[in-house]
Amino acid sequence: MKKVVLIPDSFKGTISSQEVCEIVARQVLRFHPEAEVISIPVADGGEGTVDCFLLSQPGERVSAQVKGPYFEDITADYALLDGGKTAVVEIASCAGLPMVDGRKNPKMTTTYGFGQLILDAARRGATRIVAALGGSCTNDCACGMAAALGVAFYNEAGEPFIPTGGTLRDIWRIDRSGLAKELSGVEIVAMCDIDNPMYGATGAAYVFGPQKGADGAMVEELDQGLRHLSQVLIRDLGVDVAQLPGAGAAGAAGAGVVAFLGGSLEKGIDVVLDAVKFEELIADADLIFTGEGKLDTQSIRGKVVVGVSRRAKDSGVPVIAIVGDVGDGIGAVYDLGVSAVFSTNQIAVPFEEARLRAKEDLAATAENVARFAQLFTR
């Protein structure tokens, strides 16, 4: 083989996407030392997205002083790419779930710092901002973000305030006229790998609230706040984002990015593939390796493996998916461009046991694939 492209997601809780690339690359080069191996580690929009972009293409890491989940002062990083024209900003860097370990409360947490990062990037000259929505501890529909960018929120008494998840129901008027001028002409693209709506049984509060610390009563309260805000958005801003696929991402930040900033929601993997000029990159490739922690019916809705295979299909480059586990009903992936699927769970043990040997099992699986590929490249 002359050229191999590695473009995996992480194996959640066990192996980062960068580590997956390193492990698979070692095995490929053992049996195909002549091969050029190109590694593109992928993140789904959560923690590590900035790192993945900076590993896959030239760029600069920028630090900024912003507010954290409880309005405390923190330092957060983002990436500047394309000579500063594109910025990649993670909501997880300033409102991430690990930041509130032991003190989770989505009624109180804010995305204010996320807005500060966006503004900092725009002030540095970025004309395209990729907003990575994943791993948040919030449920404020990005009202905190909007407030940091100049959008004003007023309660029934006409007093301005910064809404959080627990005070969305107190919003009586929204004024977008003060939106930061630095954002004029800036394209905002949100990385979003879920299709949940803003509210309801499959919305932000009900599906993701519990993992952020919400009990049943709080989930209902948060959901009612989102329903109320949705009506105010329709009345004051003329936008209805409630049922937009992905609106429920990051505590309904997906809805907020569209409503307050006029942004778009795109599959995270497609944003990555566009950024690295994927079709050009694989034009002369012999094989593509991709993968994720578990390949199941959710994967078919557009996660990394299927996102990669769909784009590779027209180029005719074989796609090998190495995954931690395989669920039922994944047959459709072959029609979508996947050539073969290999599970790393070689001795069929439960996840808690498998995770302890995940790297060794990945290396063994990659070795077997590389060995087999030798038969066709001699």
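The values are calculated or read from the model by the stated rules, or taken from the named source; none is laboratory data. What you see is a predicted model, and the numbers here were worked out from it, not measured in a lab. So basically every Cβ, Gly included, is an ideal-geometry build from the backbone, and we count neighbours across all protein chains shown. We work out accessible area using only protein heavy atoms, side chains counted, and drop any ligands, DNA or RNA first. Shrake-Rupley method; radii C 1.70, N 1.55, O 1.52, S 1.80 Å.
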Pop the C-beta distance of N368 and W172 into the FRET formula with R0 = 51 Å and round what comes out to the nearest 0.05. 0.25
With only Lys, Arg, Asp and Glu charged, each at its Cβ (+1 for the first two, -1 for the last two), find how big the charge dipole of the stretch 249-378 is about the Cα centre; round to the nearest 20 debye. 20 debye
If you compute Cα extents along the principal axes in Å for the structure shown, which of (1) 77, 45, 35; (2) 62, 43, 39; (3) 75, 49, 41 do you land on? (1)
Only helical DSSP H runs with n ≥ 4 go in: add -39500 (n - 2.57) per run for the chain, normalise by residue count and round the 222 nm mean residue ellipticity to 500 deg cm²/dmol. -10000 deg cm²/dmol
Roughly how far apart, in whole Å, are the Cα centres of the stretch 183-202 and the stretch 11-57? 27 Å
Given a Förster radius of 56 Å and the C-beta distance between E34 and S63 as r, what FRET efficiency does 1/(1 + (r/R0)^6) yield to the nearest 0.05? 0.85
Cα gyration tensor, the stretch 107-165 - rounded (a/c under 1.5), prolate or oblate: oblate
Convex hull volume per residue for the stretch 22-76, taking Cα atoms only, in Å³: 96 Å³
Treating each Cα of the stretch 305-370 as an identical point scatterer and ignoring solvent, apply the Debye formula and state log10 I(q)/I(0) at q = 0.17, 0.21 Å⁻¹. -0.65, -0.88
Grab the Cα-Cα distance for A217 and R235, subtract it from 0.36 nm times how many residues apart they are, and report the gain in nm with one decimal. 3.7 nm
Can you flag which of K267/K313; K104/K303; K2/K277 are past 22 Å Cα-Cα? K104/K303
Between A132 and residues 5 or more places away or on another chain, the pairs with built amide H atoms under 5 Å apart involve V89, E90, I91, M191
Take R26 and E279, extend 7 Å from each Cα along the Cα→Cβ direction, and tell me the distance between the two endpoints in nm. 3.7 nm
In whole angstrom, note down how far apart the Cα centers of the stretch 204-234 and the stretch 249-307 are. 26 Å
Any idea what the dipole of the stretch 1-145 comes to, in debye rounded to 20, about its Cα centre with Lys/Arg Cβ at +1 and Asp/Glu Cβ at -1? 180 debye
Quick one: which of 308-315, 267-274, 158-165 comes out on top by average Cβ neighbours within 10 Å, and what's the full order, highest first? 267-274, 308-315, 158-165
What share of Cα pairs, in percent, lie more than 19 angstrom apart in the stretch 130-189? 35 percent
So with the 1.4 Å probe, I'd like the accessible area per residue for the chain, rounded to whole Å². 41 Å²
Kyte-Doolittle at least -1.0, axis length at least 18 Å by Cα - qualifying DSSP helices, the chain: 17-31, 216-237, 358-374
Mind ranking 177-190, 361-374 by how tightly packed they are, going by the mean number of other C-beta atoms within 10 angstrom, highest first? 361-374, 177-190
Carbon and sulfur together cover what percent of the accessible area of the chain at a 1.4 Å probe radius? 50 percent
